[in-house]
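Worksheet for the structure shown next.
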Amino acid sequence: MTDFPSSRRDRRTPPGRSLRTLGWVAFVVLGSAAAWFAWMGWDQEYWEDPETGTPQGPYRAWQVIGCGVTLVAIGVWTSRSRCWPAVLLLPPSFTLAWSITASEDDTGLWMVGAIMVLIGTSLGTAIVMGIVRTARSLAKPR
């Protein structure tokens with residue numbers, strides 16, 4: 001009887017590996033949604049610029065920068081072992097969190113905004129992952 005190394009038993013995923021993958025998925029989904037709510041989801045107030053008198057807002061620059069840095073950190077941290085959770089899960093989960101607060105808009109244009117947020121976060125995530133992968137491949141000793 002021949003013993004084949006690729007038997008069904010040998011191809012199973014070890015239990016620790018599937019739990020680790022589930023942890024990465026939860027980290028990306030919950031972290032990106034939390035980034036929206038922590039930095040920008042709570043602020044819906046507009047203000048008037050004292051110099052020009054035009055309405056501004058609802059977000060301040062520090063909120064947008066903080067949210068962006070948080071999303072980049074999630075992507076970089078996730079890419080330590082794999083990139084697919086960030087690339088596939090960060091944009092839709094951030095967009096869903098954004099949509100929860102934006103869907104209360106009276107104009108009905110929140111869906112257009114959701115598409116723009118999804119495209120922007122997808123492109124941003126892909127660019128960050130590409131930079132991280134390139135930097136890691138250049139840093140590896142040959």
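Taking the stated definitions as given, is Leu96 surrounded by 15 or more Cβ atoms within 10 Å (Cβ to Cβ), under 18 Å from Ala35 (Cα atoms) and either among the basic types (Lys, Arg) or modelled with pLDDT of 95 or more (or both)?
Working: surrounded by 15 or more Cβ atoms within 10 Å (Cβ to Cβ): yes; under 18 Å from Ala35 (Cα atoms): yes; either among the basic types (Lys, Arg) or modelled with pLDDT of 95 or more (or both): yes.
Against the criterion (surrounded by 15 or more Cβ atoms within 10 Å (Cβ to Cβ), under 18 Å from Ala35 (Cα atoms) and either among the basic types (Lys, Arg) or modelled with pLDDT of 95 or more (or both)), Leu96 qualifies.
Hey, Pro85 hits all of (1) more than 19 Å from Ser99 (Cα to Cα); (2) touching a residue at least 60 places away in the same chain (Cβ under 8 Å); (3) more than 10 Å from the chain's Cα centre (by Cα) but one; which does it fall short on?
Only one criterion is unmet by Pro85, namely (3).
How many residues, within segment 16-44, are at pLDDT below 85 and part of a loop (DSSP other than H, G, I, E, B)?
So the answer is 2.
Which of (1) closer than 30 Å to Ser18 by Cα; (2) surrounded by fewer than 17 Cβ atoms within 10 Å (Cβ to Cβ); (3) of a type in the set (A, V, I, L, M); (4) at pLDDT 90 or above is the odd one out, the single condition Ala139 does not satisfy?
Going through the list (1) closer than 30 Å to Ser18 by Cα; (2) surrounded by fewer than 17 Cβ atoms within 10 Å (Cβ to Cβ); (3) of a type in the set (A, V, I, L, M); (4) at pLDDT 90 or above, Ala139 breaks only (4).
Would you pick out the residues in segment 38-53 that are over 18 Å from Val64 (Cα atoms) and polar (S, T, N, Q)?
Thr52, the sole residue that qualifies.
Among the residues that make up segment 112-119, is at least one of them modelled with pLDDT of 95 or more and either part of a loop (DSSP other than H, G, I, E, B) or crowded, with 17+ Cβ neighbours inside 10 Å (or both)?
Within segment 112-119, one or more residues are modelled with pLDDT of 95 or more and either part of a loop (DSSP other than H, G, I, E, B) or crowded, with 17+ Cβ neighbours inside 10 Å (or both).
The values are calculated or read from the model by the stated rules, or taken from the named source; none is laboratory data. Just so you know, these numbers come straight off a predicted model, no measurement behind them. As a convention, Cβ positions derive from the backbone with ideal geometry for all residues, glycine included, and neighbour counts pool all protein chains shown.
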